[in-house]
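Once you've had a glance at the structure underneath, I'll fire off some questions.
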Amino acid sequence: MEVSERLARFVPVELTADRSDLDERKWALVRRLIAAGRQIHEIYLRQVWPGNPDLRERLASSGDPRDRERLRLFELMAGPWDRLDENRPFIGEQPRPPGGGFYPEDLTREEFEAYLAEHPQDRPAFTSPYTLIRRRDGALEAVPYHRAYRDFLEPAAESLLEAARLCDHPPLADYLSLRAQALLNDDYYESDCAWVALQSGPLEFLIGPYEVYDDHLFGYKAAYEGMLGRRDLEESARFQDLVEELPFLAAHLPVPPEYRGQVAGLSSPIVVADAVFNAGQMATVALATALVLPNDPRVRTTVGSKKVIFKNISRAKFEHLLRPVGERLLDPAQAEALFFENIFSHVLLHEVSHALGPQEVLRPDGSRLSRQQALRELYSVIEECKADALGLYNLLFLAGEGFFPREWEESAPGAFLAAVFRVIRFGTGSAHARANLLTFNFLRDEGAIRREVGSGRFRAEPRRVARSIAELAAILLRLEGDGDYEGAQALVRRYVQMPYELEEALERVRDLPVDLNPAYPWAEMASSAGSEPPVPPPANSPIARRR
Ligand code: ZN
């Protein structure tokens, strides 16, 4: 594939948000946050591959117009390998080193394991998410991130501390000062807890090393990422309204009372925001529409985690990726009726629906078991499918109750089907994609989805979908309540498969764009010079004060 062809798979979009109510001081704060993000982006480039900075320099200073395109693709991929094409190189021939910049390029798994077998006391440091492995005088050593990346982390921490002093929202100021400290000592626990606690104010911000996907050698090492979002207060309030409907929804689940469970409350708080700047791993494709962090199990057991859903990214994906798929594969009238609010409400109700239904298995002998223990490796498929099915069930129910426009009873099933196509397009590896296959095949078998013979287009029959989705939800709720592993196995075996007609349909959309190519106007504005209020001097360090 030519570079221009590769680039054409990504639709240019601006990710931005209203900033008219951010005064001078808040804007000065935003500039510090973006500056810190830029520093950790430099680290991330080196984590993916130490050769990245030189390659970027070469592309940026080249007069060859094709190098412009190469540079843009390089930025989307954070390196010369195509992440959406099995990491094939698009510049040069070199395959991606599996250990990236985390390990010496010539290090093999065998050598690493042999070293740990000989030096068991080094295991914690060597397998830590926050160390690099280097060779020194022929021997391996673990170098903590805060030492290896000091040149970038010190200015990043400085920017965060300045931002904290400009900040008049204590939960954010707290997070920023604690995180500044954590970047310099790799102890993230306290600042991770502060991040989960940060659930109000106009800005959502995250920075640090988190996901280990970029370590293809062992999956130990965390990659730096950063995100700045503008919290969507209206949408967050709307979501809160849905959460308040939980008892009402629980009382109307399509199962007998013993399968309705207790209303669990949400497992994690949810924030709806517009993304205005991504850095590090967050800035690469495929662009995430949501994140759930932190991963540290110690934080999860004490304060839980937080989920951020990016509404502007969701909307852009709807306009540029989902709608075109729907227009080709759906019955024309249903394609015409696709609109974003419908889809996004289903996304929110999916999250709400995770909290519905039996939360544990009650055995006939009175003993209790978690759903995960009972359903084992099938749990995530069943649970994701339940959230999808109940999400639609609840959406139709609430439309009937007047909570949503009444017309949604007609339009939501088609929108749901288009979303199923979009998810399945990217393969069936994830629990989410497998759940979508299950739902599609179930509805198809029930006659709720029909394929028109001549055109090959699909149509979701609203009334039949309403009936069948209630049936499917009931089956899944019973499986979870009974902890019925064999039942789950039978359901998955029967419905999680790729039928020929679906394969053929996906072939028809193969040429459509697969992801976004984002620009961040806030970051561009933040980089341009301008007058600024002075940063208040450090008071007694807020970190010291808090201890
Ligand atoms: Zn889910």
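The values are calculated or read from the model by the stated rules, or taken from the named source; none is laboratory data. These numbers were taken from a predicted model, which means no experiment stands behind them. Glycine also receives a Cβ, built like all others from the backbone with ideal geometry; neighbour counts cover every protein chain displayed. Surface areas here come from the heavy atoms of the whole protein model, side chains and all, with no ligands, DNA or RNA. Shrake-Rupley method; radii C 1.70, N 1.55, O 1.52, S 1.80 Å.
Could you pull the accessible area for residue 90 with a 1.4 Å probe, rounded to 10 Å²?
20
For the chain, give the percent of accessible area contributed by carbon and sulfur heavy atoms, probe 1.4 Å, rounded to a whole number. Walk me through the numbers before you get to the answer.
Numbers: 11770 of 23630 Å².
With neighbouring chains kept in place, the figure for the chain is 50 percent.
Ok, one more. Check each of the GluC sites (Glu not before Pro) in the range 434-531 and keep only those in coil by DSSP with at most 13 other C-beta atoms within 10 angstrom; list them in order.
Of the GluC sites (Glu not before Pro), the ones in loops of the range 434-531 whose Cβ has at most 13 other Cβ atoms within 10 Å are 452.
Measure nothing fancy, just the Cα-based angle from helix 52-61's long axis to the longest principal axis of the chain, in degrees from 0 to 90, nearest 10.
In the chain, helix 52-61 runs at an angle near 90 degrees to the longest axis.
Right, here's the next one. Averaged per residue, what accessible surface does the chain expose to a 1.4 Å probe, in Å²? Working shown, then result.
Numbers: 23630 Å² over 547 residues.
The answer is 43 Å² per residue.
Compare 282, 525 by solvent-accessible area with a 1.4 Å probe and give them largest first, with all protein chains kept in place.
525, 282
How much length is gained on full extension from residue 123 to residue 401, taking 0.36 nm per residue of separation minus their Cα-Cα distance? Don't jump to the answer; show the numbers that get you there.
Working: separation 278, 0.36 × 278 = 100.08 nm, distance 5.80 nm.
Stretched fully, the residue 123-residue 401 segment lengthens by 94.3 nm.
Counting other Cβ atoms within 10 Å of each Cβ, which trypsin sites (Lys or Arg not before Pro) in the range 69-120 have at most 15 and sit in a DSSP loop?
Answer in residue order: no site qualifies.
Same structure, new question: Which translational diffusion coefficient, to the nearest whole µm²/s, is obtained for the chain from the Stokes-Einstein equation, given a Kirkwood hydrodynamic radius over C-alpha pairs, 10 °C and 1.306 mPa s?
Values: Rh = 25.4 Å.
Answer from the Stokes-Einstein relation: 63 µm²/s.
Hey, another quick one. Taking a 1.4 Å probe, which of 515, 18 shows the most accessible area, and what order do the others take after it?
18, 515
Could you work out how far helix 24-48 tilts from the main Cα principal axis of the chain, as a 0 to 90 degree angle to the nearest 10?
The angle comes out at about 90 degrees.
Counting only protein chains, not ligands or nucleic acids, how are 16, 284 ordered by accessible area (probe 1.4 Å), most first?
Largest accessible area first, the residues go 16, 284.
Please list, in order along the range 132-146, the HN-Hα scalar couplings obtained from phi with the Karplus expression 6.51 cos²θ - 1.76 cosθ + 1.60 (θ = phi - 60°), rounded to whole Hz, x for Gly and Pro.
Going residue by residue, I get 9, 9, 10, 9, 9, 6, x, 9, 7, 9, 9, 10, x, 3, 5 Hz, with x marking Gly and Pro.
Probe 1.4 Å, all protein chains in place: accessible area of residue 397 in Å², nearest 10?
Probe radius 1.4 Å; accessible area of residue 397 about 40 Å².
Taking every DSSP beta bridge that has both residues in the chain, what percent is antiparallel when rounded to the nearest 5?
About 75 percent, rounded to the nearest 5.
Given the protein chains as shown and a 1.4 Å probe, how many square angstrom of residue 23 are accessible, to the nearest 10?
Accessible area, nearest 10 Å²: 80 Å².
Considering only the other residues whose Cβ falls under 9 Å of the Cβ of residue 403, what net charge follows from Lys and Arg at +1 and Asp and Glu at -1? Kindly include the intermediate steps, with their values, before the conclusion.
Numbers: positive: none; negative: 241, 245, 401.
Summing Lys and Arg as +1 and Asp and Glu as -1 gives -3.
Another question about this same structure. Going by alpha carbons, how many degrees (0 to 90, nearest 10) lie between the helix axis of 379-400 and the longest principal axis of the chain?
Roughly 60 degrees, rounded to the nearest 10.
Tally Lys/Arg at +1 and Asp/Glu at -1 over every other residue whose Cβ is under 13 Å from the Cβ of residue 20; what's the total?
Neighbour charge sum, excluding residue 20 itself: -1.
Taking amide hydrogens as modeled 1.01 Å from N in the peptide plane, which residues meet the under 5 Å criterion relative to residue 88, leaving out close sequence neighbours?
Under 5 Å from the amide H of residue 88: 82.
Too long at a 30 Å Cα-Cα cut-off: which of 26/221; 311/386; 221/386?
Correct reply: 26/221; 221/386.
Rounded to whole Hz and in sequence order, give me ³J(HN,Hα) for the range 323-338 from the Karplus expression 6.51 cos²θ - 1.76 cosθ + 1.60, θ = phi - 60°, writing x for Gly and Pro.
Per residue, the Karplus-derived 3J(HN,Hα) values read 4, x, 5, x, 5, 8, 9, 8, 3, x, 5, 6, 5, 4, 8, 5 Hz.
If I take the Cα coordinates of the range 191-350 and project them onto the principal axes, what are the three extents in Å, biggest first?
Sorted largest first, the three principal extents are 46, 43, 35 Å.
In the neighborhood of residue 44, defined by Cβ-to-Cβ distances under 15 Å, what is the net charge if each Lys or Arg adds +1 and each Asp or Glu adds -1? Numbers along the way, then the final one.
On the way: positive: 38, 46, 56, 83, 96, 221; negative: 42, 75, 151, 211, 214, 215, 225.
Net charge around residue 44: -1.
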